[in-house]
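Peer 1: If you scroll down you'll find the structure; I have some questions about it.
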Amino acid sequence: MSDIYNFKQIELEAQKKWHQQNTYKAEIDQNKPKFYCLSMLPYPSGNLHMGHVRNYTIGDAISRYKRLKGFNVLQPMGWDAFGLPAENAALDKKIHPKKWTDENIKHMTKQLKSLGFSYDWSKEVNTSDVSYYKFEQEIFIKMFEKGLAYRKKSMVNWDPIDKTVLANEQVIDGKGWRTGADVVRKEIDTWFLKITEYVDELESGLEDIDWPENVVNMQKNWIGKSKGIEIDFKTDFENKTLKAFTTRPDTLFGVTFFGLSPQHPLAEQLSKNDVKLAAFIKEQGKGSTAESDITKAEKLGYKTSFNVFNPITNENIPIWIINYVLMDYGTGAIMGVPGHDERDFEFAEKYKIQIKRVIESEEPLPYSGDGKLINSQELNNLNVDEAFKKISKMLSDNHAGKELYQYRLRDWGVSRQRYWGCPIPIVYKNGEPRPAQNLPVELPLGDKDHKPLDQNEDFKNIADGEIRETDTFDTFFESSWYFARYTSADNKNKIFDENTNYWLPVDLYIGGVEHAILHLLYARFFHKVLRDMKLVEGDEPFKKLLTQGMVLKDGAKMSKSKGNVVDPEKYIELYGADSIRTFMIFASPPEQSLEWSDNGLEGCHRFLKRLYALSEKIKNRSEDTFKDSNTSIEEEIKELSIKINDDYEKRLNLNTIVSSCMEIFNKLNRRIDKNKITADENEFLKVYEFLLISLSPIAPHICEYLYEDVLEKNFNNACWPKEDFFQQKRSEVNYLVQVNGKVRANIVLRVNLNQSDVEKAVSKHPNISKYLEGNEIKKVIFIKDKLINFVNG
């Protein structure tokens, strides 16, 4: 080996070997346990950033460890390649989105390979390639035929610059997330997936998965399961009845107004004969449909001349049209209880509406907690739970209400009005939608085709008066099933094959917490739909979830807009992939944010240089290099080896694995004095081998090189040590001493004593001898190094 740590040559040769040998190709092997490790696929923006590098280094370290443990590992990679950013970037650069995307994928693939990630590239997917989205279109048609995909008019967030629908999460303070334009509400025909049909299972399934508690809670809050009563309120307008759902029927005596959404059918009906109401409703049609924005907006209402009647007291309650009442949540109506609801309180104060207290408390209004009922006639002095049951029975007996569960979750709108996306495979004949007959419906890829599909007459118009759907899918659609397609991605004829049931579910899924709600919820929904189509097995797609922290620079998240992005290529050139990987693991626990530090990276590089230098000394050892030592190096590092084993297997504390490896290195290094190594040769090399194996998932190039060059062993045959390596050698043990099954003493004795020696030793103990003297010993039960039990008469 060279005197100098030539990381460039070592890493290049290792990567070349892995490629030539197909080292990481994953195939079915029933003789090994399987492990499917998946990191969230990147958007091909053109360059990796250090957030990507950290995410993928964590996944790769765990994958490599599992291979050493004897697992059959699948770790794939692909590209979430459709989407509006590519379309806009291509327009800015005056090139086709496909050309821009393909060039970015090529460059980012090179970057990933230069970091030594152990991906099975034969299973690579590109969601913008027809080989991927042709199957996506098949899934959608199956959903359509099962009634899970449907089309309806919907009020959406419309970005007037990008000319596309925005999800609520893409609306920030009433403006489009990318353009900053004021979002307007617009009613258009859009396609939906009936995710609400699976809402019960999506909610209950959260109890059975190994996910971080905060992510589970975020999903539960988004699903928003709540128990309440749907109450019928009769009106004085054409004898109509309005329904309102409430989780607090105990506050029914505190209702002082009744609110309808501006989009409620009755509001629209009333506006036909009320010019001022029509103007109010039109004004409320501006701005974002995002619930967060509506909640923060000024509370505005319009009082109609009509009333509902309280189903218990029969008193008149005025009907208001209110901007914070959402049509797509519940029934589009609320019973206004300003004394015990913050929004209702703010609204009532603004419009001088009566505010009643019906829950006793010393706290000021609005008060939303528990307590005894007051000002509630015969319900006075009942607590909240008692009142819920009683009012529920009263309403049920009067056919004026029923108990039910309601969910905040709404069906998923998947239509997007753009070019660079998967075409929705639907055609219309006389306005009626039906599945496209000839799949795939390919996105036109001509040089001048990258304009919204609605403007492409050749695409839109089909023979015999048929019109093709011109919306494309939301990119969440592609990323909601890619995890399953990876398993059979090299099969171009079938969407899934025998590999799918072998590899699923994903054993460990790694990605940012920013995807904790929508992506994970949609992926769970897709998996359940595919299961019911008999395409996959099992109820959940991801067994364990790890949400890695962000990479920060100067205390802020790295981003191009902040100008604080760190280029991985520059640092690979200066320090090598192994140094970057080691720093990414060492600098912080996986779940916590990591502050980028050039000094920290340099420190990890120095450690690898020192490891290389130590290895050179071991490589050049002579027959008389080793000399006897009074202490065992293997026992000296025992606690560190146990900790490394536990950190990989139980806790995923990868950062402390690096620090433990550094300690082992120091202990080895201290045994070397000039040309002498003070240790037993076999033990020393055994510990050195363990150091390389332990560090190899994190810094694979240098560890594999040293393993083969210094130890002269094939790393393909390397494996994690057996359990006895992690067991401490003891000279003494603690014996549990019993007489007639009752514990009378705990006595420390030398290990490995025979029964006769143990009997002699413990029978002299005063706590034992007093129970044995004068009694015949009928039987002795003996468990070596653990227990002895004397049974006497």
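Peer 1: Take the stretch 178-210 and flag every residue that is part of a strand (DSSP E or B), of a type outside the set (D, E, K, R) and surrounded by fewer than 16 Cβ atoms within 10 Å (Cβ to Cβ).
Peer 2: Within the stretch 178-210, just Ile188 meets the criteria.
Peer 1: Could you tell me which of the residues Glu704, Glu689, Glu712, Glu708 is modelled with pLDDT of 95 or more, under 30 Å from Asp647 (Cβ atoms) and in contact with a Ser or Thr (Cβ under 8 Å, 6 or more places away or on another chain)?
Peer 2: Residue meeting the stated conditions: Glu704.
Peer 1: Need pairs with beta-carbon distance below 6 Å; first residue touching a residue at least 24 places away in the same chain (Cβ under 8 Å) and assigned to a helix (DSSP H, G or I) and within the stretch 491-514, second surrounded by 18 or more Cβ atoms within 10 Å (Cβ to Cβ) and small (Gly, Ala, Ser); sequence gap 6+ or separate chains.
Peer 2: Qualifying pairs under 6 Å: Asn499/Ser488; Thr500/Ser488.
Peer 1: Go through the stretch 109-159 and give me each residue that's modelled with pLDDT under 95, in contact with a strand residue (DSSP E or B) (Cβ under 6 Å, 6 or more places away or on another chain) and not acidic (Asp, Glu).
Peer 2: The answer is Lys153, Ser154, Met155, Val156, Asn157, Trp158.
Peer 1: Quick check: anything in the stretch 602-615 in contact (Cβ under 8 Å) with a residue 40 or more places away in the chain, surrounded by fewer than 17 Cβ atoms within 10 Å (Cβ to Cβ), assigned to a helix (DSSP H, G or I) and in contact with an Asp or Glu (Cβ under 9 Å, 6 or more places away or on another chain)?
Peer 2: Yes: the stretch 602-615 contains one or more residues that are in contact (Cβ under 8 Å) with a residue 40 or more places away in the chain, surrounded by fewer than 17 Cβ atoms within 10 Å (Cβ to Cβ), assigned to a helix (DSSP H, G or I) and in contact with an Asp or Glu (Cβ under 9 Å, 6 or more places away or on another chain).
Peer 1: Residues of the stretch 79-105 being part of a loop (DSSP other than H, G, I, E, B) and either surrounded by 22 or more Cβ atoms within 10 Å (Cβ to Cβ) or out of contact with any His (no Cβ under 8 Å at 6 or more places or on another chain) (or both), which ones?
Peer 2: Passing the criteria: Asp80, Ala81, Phe82, Gly83, Lys94, Ile95.
Peer 1: Six or more apart or on different chains, Cβ under 7 Å: which pairs go from a residue in the stretch 386-402 that's in the same structural domain as Asp370 (by TED's automatic domain parsing) and closer than 11 Å to Ile312 by Cα to one that's assigned to a helix (DSSP H, G or I) and of a type in the set (Asp, Glu)? Could you list them?
Peer 2: Cβ pairs passing all conditions: Ile391/Asp250.
Peer 1: Another one. Out of all the residues in the stretch 749-756, is one or more hydroxyl-bearing (Ser, Thr, Tyr) and either farther than 30 Å from Lys778 by Cα or buried (at least 16 other Cβ atoms within 10 Å of the Cβ) (or both)?
Peer 2: No - not one qualifying residue is present in the stretch 749-756.
Peer 1: If you don't mind, another one. When the residues of the stretch 56-73 are filtered to those that are polar (S, T, N, Q) and surrounded by 24 or more Cβ atoms within 10 Å (Cβ to Cβ), which remaining residue is farthest from Gly512 (Cα to Cα)?
Peer 2: Among residues in the stretch 56-73 that are polar (S, T, N, Q) and surrounded by 24 or more Cβ atoms within 10 Å (Cβ to Cβ), the one farthest from Gly512 (Cα to Cα) is Ser63.
Peer 1: If I ask for residues that are part of a loop (DSSP other than H, G, I, E, B), farther than 22 Å from Glu378 by Cα and of a type in the set (Phe, Trp, Tyr), which ones from the stretch 343-367 would you list?
Peer 2: Tyr351 - this is the single residue of the stretch 343-367 that is part of a loop (DSSP other than H, G, I, E, B), farther than 22 Å from Glu378 by Cα and of a type in the set (Phe, Trp, Tyr).
Peer 1: Can you confirm whether the stretch 493-511 contains a residue that is crowded, with 16+ Cβ neighbours inside 10 Å and farther than 28 Å from Asn72 by Cα?
Peer 2: Within the stretch 493-511 (the criterion being crowded, with 16+ Cβ neighbours inside 10 Å and farther than 28 Å from Asn72 by Cα), the answer is no, since none of the residues qualifies.
Peer 1: Also: One residue is enough: does the stretch 470-486 have a residue meeting the conditions more than 30 Å from Ala516 (Cβ to Cβ), surrounded by 14 or more Cβ atoms within 10 Å (Cβ to Cβ) and of a type in the set (Asp, Glu)?
Peer 2: Within the stretch 470-486 (the criterion being more than 30 Å from Ala516 (Cβ to Cβ), surrounded by 14 or more Cβ atoms within 10 Å (Cβ to Cβ) and of a type in the set (Asp, Glu)), the answer is no, since none of the residues qualifies.
Peer 1: I'm trying to understand the selection: among the residues of the stretch 231-254, which are in contact with an Asp or Glu (Cβ under 9 Å, 6 or more places away or on another chain) and surrounded by fewer than 18 Cβ atoms within 10 Å (Cβ to Cβ)?
Peer 2: Passing the criteria: Thr241, Lys243.
The values are calculated or read from the model by the stated rules, or taken from the named source; none is laboratory data. All figures in this text were calculated on a predicted structure; none of them were measured in a lab. Ideal geometry is used to build each Cβ from the backbone, glycine not excepted, and the neighbour counts take in all protein chains shown.
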